[in-house]
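Asks: Have a look at this one before I ask anything.
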Amino acid sequence: MHPLPSALADIPNGSVTTPRGFTAAAAHAGLKADGAPDVALLVSATSCATAGVFTKNAVRAAPVVYDADLLAERPGRVRAVAMNARVANACTGAPGLAAARAMAQAAEQAAALPPRTALVLSTGVIGVALPLEQVVDALRAAAGRLTPDGGPEAARAIMTTDTRPKHCAVRFETPAGIVTVGGIAKGAGMIHPDMATLLAVLTTDAAGEPAGLQPLLRRVADRSFNAISVDGDTSTNDTVLLLAGGASGVDPSRDGAVWKTFEDAVLQVARTLALAIVSDGEGASKVVEIQVTGGVSEAAAREVGRAIARSTLVKTAIYGADPNWGRILAAAGAAGVPLAVERLSLQAAADGEWLTLATGGATAHADLGAAHAIFAQKTIRLRVDLGLGRAEAVVWTCDLTPDYVRINADYTS
C-alpha cells in the first residue's frame, strides 16, 4: 500500500538490532502465563542521540513520565531500553513511578551501563502493580545473552494481544557509507492517533543530534503511528523512540539530500510497523487506506481521514462489505474541519480502477455489484476529495468485527 522509495533497500527479517552497534535479548518473567518471553532488553554499544514522542492522553503511565523526564535531561546519553508486556504500570501512583525508576536501574546494572542511561517501556493491563522482582530477574537473564540477532525476539516479548511480532529494517547508501534504520513495535488494540496502545523503538547507526532528531521523529510519527486507527481509543503508555548510535560514521545532517533520504528511511520503517499494527488489529479482517485530497492543509486533510477511520459505522460497514458511502461522507463531515458539501467526491478501489461512489456531495449512481465487490476485499482504498486545496494525507484503519468485542470483553479475566 506504500511502495518502497527507490533509494532504500529492505532487509529481510530486519529489526531493531539490524543497525550496527545494537544488541537485544528477551526473557520470561512469568507475566505471560504460557511461558513466552515477556521482558526484553535493547542495548547500544555507544551513547545514542535519542528522540521520543509520547501519548497525549492526560493519564500517563509511569514509564512515560520517567522517559519524558530522562530525555529532557539527557537526550544524548541513552544506552538501553528495557521493556515488559502484560503490565502497563499505569495508574499506579508514586509506587509505579518508583518501579519504573527501579526497572531502569536494574537494566543499567545488568548491562553494566552508567546511571540514567536506560529508558523503560511497559504495556498491558492498567492499574496493576509491576512485579518488579520478576522483571528485574528477567532483565538480568536477558543481559546475559544479548546478541545482534535478538531484535525479532524482543519484538515477540512485547506482544500482548498482537498475533505476530512486528519488526523491519531498511538501508541506503551515501558517499560516506551505508546507513541502516530498523525498528520493532507492538500494538493491536487501543490504537488511535496521538497515539495508542503502541510501543515502538526505532534505531539507526547514523550519527545525529537530539535537536535534529526530535522534529524529524514528530514529522514521521504524524505520517505513520499518528495516521492509524483501530478502535478510536488512545492509551496511557504510547511511546515511540528513535535512537541514533552513530556506528556507521555517517552524519546525515551534513548533506541535505542525505538527510532527506534518512528521513524517508525512518518513515519507511515507521509506516511498515504502523501498517503491521493495523493489519493485526484486534479481530480485524480487512485493512483500509483512506486517502484525503483537496485539503486546505495537510492537518485538515488528516483530521478528515482520522474521522472516517474512527467511525464505528464506517468500520462495521467495511466488515459487512456494505458500500454505504453515506456513512463515509457523514464521518468526514464530523471531523470539525470546514467543508463544502457540493465539492465532495468519494471513490473506492481494491486492486483495480477507482469506482466513483459520490460526486458533488451526492450519489454517483455507481454499480452496486461493483461497489460490493470492492468492499468485500481484504485491502480497500478510499479516496475522498475535499475540493478545497492541494494538501493531502493518508490514514489507515481496519474493520470492526465481533472478534474485537470478544477480545476486549474479557481482557483482564
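The values are calculated or read from the model by the stated rules, or taken from the named source; none is laboratory data. Just so you know, these numbers come straight off a predicted model, no measurement behind them. All Cβ positions, glycine included, derive from the backbone under ideal geometry; neighbour counts span all protein chains shown.
Asks: Have a look at A358, A370, A366 and point out the one that is over 31 Å from the mean Cα position of the chain (by Cα), over 18 Å from L339 (Cβ atoms) and not in a loop (DSSP other than H, G, I, E, B).
Replies: A370
Asks: Only one residue in I328, I407, I318 is modelled with pLDDT under 95, in a helix (DSSP H, G or I) and under 29 Å from V296 (Cα atoms). Which one?
Replies: I318
Residues checked against (1) over 14 Å from I158 (Cβ atoms); (2) among the charged types (D, E, K, R); (3) in the same structural domain as T147 (by TED's automatic domain parsing):
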residue	(1), (2), (3)
P37	no, no, yes
D67	yes, yes, yes
A85	no, no, yes
T92	yes, no, yes
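Asks: How many residues, within the stretch 305-315, are in a helix (DSSP H, G or I) and basic (K, R)?
Replies: Residues that pass the stated criteria total 2.
Asks: Which one is surrounded by the fewest Cβ atoms within 10 Å (Cβ to Cβ), of the residues in the stretch 363-391 that are hydrophobic (A, V, I, L, M, F, W, C) and closer than 17 Å to G294 by Cβ?
Replies: A364
Asks: In the stretch 277-315, which residue that is at pLDDT below 90 and of a type in the set (V, I, T) is surrounded by the fewest Cβ atoms within 10 Å (Cβ to Cβ)?
Replies: My answer is T312.
Asks: Test L71 against the criterion of being touching a Gly at 6+ places or on another chain (Cβ under 8 Å) and part of a helix (DSSP H, G or I), and give yes or no.
Replies: Spelling it out, L71 is indeed touching a Gly at 6+ places or on another chain (Cβ under 8 Å) and part of a helix (DSSP H, G or I).
Asks: Restricted to the stretch 53-68, and to residues that are more than 15 Å from T117 (Cα to Cα) and not β-branched (V, I, T), which residue is surrounded by the most Cβ atoms within 10 Å (Cβ to Cβ)?
Replies: Among those residues, the one meeting the criterion is A61.
Asks: Just one of the numbered conditions (1) under 30 Å from V87 (Cα atoms); (2) out of contact with any Pro (no Cβ under 8 Å at 6 or more places or on another chain) is not true of T239; which one?
Replies: (2)
Asks: Would you say A358 is surrounded by 17 or more Cβ atoms within 10 Å (Cβ to Cβ), closer than 30 Å to V220 by Cβ, touching a residue at least 24 places away in the same chain (Cβ under 8 Å) and not assigned by TED's automatic domain parsing to the domain that holds V128?
Replies: Judged against the criteria, A358 is not a match.
Asks: Taking the stretch 43-67 only, how many residues are over 18 Å from the mean Cα position of the chain (by Cα) and either assigned to a helix (DSSP H, G or I) or among the charged types (D, E, K, R) (or both)?
Replies: 3
Asks: Let me ask you something else. Out of all the residues in the stretch 104-118, is one or more surrounded by 23 or more Cβ atoms within 10 Å (Cβ to Cβ) and more than 20 Å from A25 (Cβ to Cβ)?
Replies: The answer is no; no qualifying residue exists.
Asks: Looking at the stretch 28-41, is at least one residue part of a strand (DSSP E or B), at pLDDT 95 or above and in contact with a Gly (Cβ under 6 Å, 6 or more places away or on another chain)?
Replies: No: the stretch 28-41 contains no residue that is part of a strand (DSSP E or B), at pLDDT 95 or above and in contact with a Gly (Cβ under 6 Å, 6 or more places away or on another chain).
Asks: Determine the pairs where a residue that is under 15 Å from I318 (Cα atoms) and of a type in the set (S, T, Y), located within the stretch 370-389, has a partner that is modelled with pLDDT of 95 or more and surrounded by 15 or more Cβ atoms within 10 Å (Cβ to Cβ) with Cβ atoms under 7 Å apart, the partner being 6 or more residues away or on another chain.
Replies: Nothing qualifies.
Asks: Take the conditions out of contact with any Gly (no Cβ under 8 Å at 6 or more places or on another chain) and among the aliphatic types (A, V, I, L, M) and apply them to A45. Does it pass?
Replies: The answer is no for A45.
Asks: Tell me the residue from S248, S279, S311, S253 that is within 30 Å of G387 (Cβ to Cβ) and out of contact with any Leu (no Cβ under 6 Å at 6 or more places or on another chain), please.
Replies: On inspection, the qualifying residue turns out to be S311.
Asks: Just to be sure, is L267 buried (at least 18 other Cβ atoms within 10 Å of the Cβ), assigned to a helix (DSSP H, G or I) and in contact with a helix residue (DSSP H, G or I) (Cβ under 6 Å, 6 or more places away or on another chain)?
Replies: yes
Asks: Please verify whether G30 is in contact (Cβ under 8 Å) with a residue 24 or more places away in the chain, within 24 Å of E209 (Cα to Cα) and in the same structural domain as R145 (by TED's automatic domain parsing), treating the condition exactly as stated.
Replies: No, not satisfied.
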